[in-house]
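Trainee: I'd like to ask you about the structure that follows.
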Amino acid sequence: MKYTTLPNTDVKVSKICLGTMTWGNQNTEAEGHEQMDYALENGVNFFDAAELYPVPANPETYGGTERIIGTWFKKTGNREKVVLASKIAGGGDYTAHIRNGGLSKENIFDAIDKSLQRLQTDYIDLYQLHWPNRGVNCFGVREFPLKTANDEVENYLEILEGLQELIKQGKINHVGLSNETPWGTMKYLQASEQYNLPRPVTVQNSYSMIHRGYEVGMSEVSMRENIGLLAYSPLAQGVLSGKYLDGNLPEGARGTLFPRFIARYKNESSERAVIKYQEIAKKHNLTLSELSLAFVNQLPFVTSNIIGATKLSQLKENINSIKVDLSDEILQEIEEVHKEIPNPAP
C-alpha cells in the first residue's frame, strides 16, 4: 500500500480508501465485515461512509452502513487502526426521510450524534458535507442551475461554526467538503481563514477517466490551496470495468439492479471511450479496472481514491491497482483518447 496524509494534518491515510455505500443493501453485514477485514489486512486504513448510506437511500435502510461499521468496530476492537470518514446529508426531497432542511448548526449536531451512536465510536476523523445547500452541477448535471442560483445562499459561517463546536467537543477531528465547486470551495477556505474557523482539508468529488471535469478549475484549487481530492466513482459505477459493454447487464450488478445510478455514465460517447480504454488495458496486460484506478492513483491532486465493491474478488482487484505504475507511454495513450472523447460522462 502507498500512503499520504490528509492535507495540512499529520493524519496518515492509504491512497486507496474503502467505500462502503453498498453495505446494508447489496451487501450484508457479514460481507461488510469481510471487506473491512481484508482491506485493513492489505494496508487500507481509510474508510469512507455517510449517514445517507446505503444507496439507494430510503427510510428502511437509512444509517445501515454506519451500523455495519459500528458492529465491526465492536467485534474487532479496530477503531484506532482506522481513519474514519463520514458525511452529513444535505437537504432536498432525496433526504426528506432523514430530517427537515439542509445544512444548519442544529442539523449538524443532530446528525453527528446519530452517526456516532451507529458507528459505536466517540469521534469521526473526517466529517464531510455531503453536498451543498445550494444547487450545483453534480450528480449527472452538466450545466450550472442558473434559474435558481440567485435565490440560493450558503450559510458558510453557521456551518463552520457548528463544525468548530464539534471539534471542541472532540466529536470530529477534521472537516471536508463533497460535491463542491471551485467557488464553493474557495468560499469555505476564505471564511475559515477570515474567522479562524476549521479549514476543510479534502473535497470528495466524482472523478474517473470518463469524467475528468474536476480538472477544470477544481484541480488548481486542490493544488494551490492544498485541499486534496477524495475521488469517488473512479470506475464510473462499474462502467469502467467494461462489464456493461455491448448492452450486458450482469446479474446482481449495481447497474442491473439500479440502472439510474449508471445512466449518467452510459451513453454512446462513453461506450466508445470505454472500448478504447479497454484496448489500452489489454495491450499492456492490465484489466480495465486496474488501468482506470491506477490512472486516478497517480494524479498529483488526489489524496485518496475511494473504491467500492460488492464482491471480495472485485475488492482484491481494486486494491491491487496500487501496485500498478503506468508508463509514460500508457499515460499518453490515455490522453489521446481523452482528446478525442473528452469527458463523455457528466
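The values are calculated or read from the model by the stated rules, or taken from the named source; none is laboratory data. This one's a predicted model, so the numbers in the text were calculated from it and none came from an experiment. Neighbour counts are summed over all protein chains in view; Cβ atoms, including those assigned to glycine, are modelled from backbone coordinates with ideal geometry. To get the accessible areas, we keep the full protein, side chains included, count just its heavy atoms, and leave off ligands, DNA and RNA. Shrake-Rupley method; radii C 1.70, N 1.55, O 1.52, S 1.80 Å.
Trainee: Go through (1) over 18 Å from the mean Cα position of the chain (by Cα); (2) surrounded by 15 or more Cβ atoms within 10 Å (Cβ to Cβ) one by one and return the number of the condition G92 breaks.
Mentor: Of everything listed in (1) over 18 Å from the mean Cα position of the chain (by Cα); (2) surrounded by 15 or more Cβ atoms within 10 Å (Cβ to Cβ), G92 misses just condition (2).
Here is a yes/no grid of residues against (1) within 19 Å of A85 (Cα to Cα); (2) surrounded by 23 or more Cβ atoms within 10 Å (Cβ to Cβ):
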residue: V11; (1), (2): yes, no
residue: N25; (1), (2): no, no
residue: A39; (1), (2): yes, yes
residue: A49; (1), (2): yes, yes
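Trainee: Take the residues in the range 205-221 that are buried (at least 20 other Cβ atoms within 10 Å of the Cβ) and more than 18 Å from R264 (Cα to Cα); name whichever of them is nearest to the chain's Cα centre (by Cα). Steps first, answer last, please.
Mentor: Going through the range 205-221, the residues buried (at least 20 other Cβ atoms within 10 Å of the Cβ) turn out to be 205-211, 214, 218, 221.
If we keep only those that are more than 18 Å from R264 (Cα to Cα) too, we end up with 218, 221.
Values: M218: 15, V221: 18 Å.
Per the stated criteria, the residue is M218.
Trainee: Output the helices (runs of 4 or more DSSP H) that fall wholly within the range 1-120 and possess 3 or more residues being over 24 Å from E317 (Cβ atoms), or say none.
Mentor: Ranges flagged: 64-76, 105-119.
Trainee: Next up: Would you pick out the residues in the range 269-319 that are surrounded by fewer than 21 Cβ atoms within 10 Å (Cβ to Cβ), farther than 24 Å from P344 by Cβ, polar (S, T, N, Q) and within 19 Å of the chain's Cα centre (by Cα)?
Mentor: Listed by number, the list holds a single entry, T310.
Trainee: For the range 167-186: of the residues being in contact with a Phe, Trp or Tyr (Cβ under 8 Å, 6 or more places away or on another chain), not in a loop (DSSP other than H, G, I, E, B) and not hydroxyl-bearing (S, T, Y), which is most open to solvent (accessible area, probe 1.4 Å)?
Mentor: So the residue we want is N173.
Trainee: Restrict the check to the range 187-195 and report whether at least one residue is closer than 27 Å to Q117 by Cβ and either touching a strand residue (DSSP E or B) at 6+ places or on another chain (Cβ under 9 Å) or open to solvent by less than 10 Å² (accessible area, probe 1.4 Å) (or both).
Mentor: no
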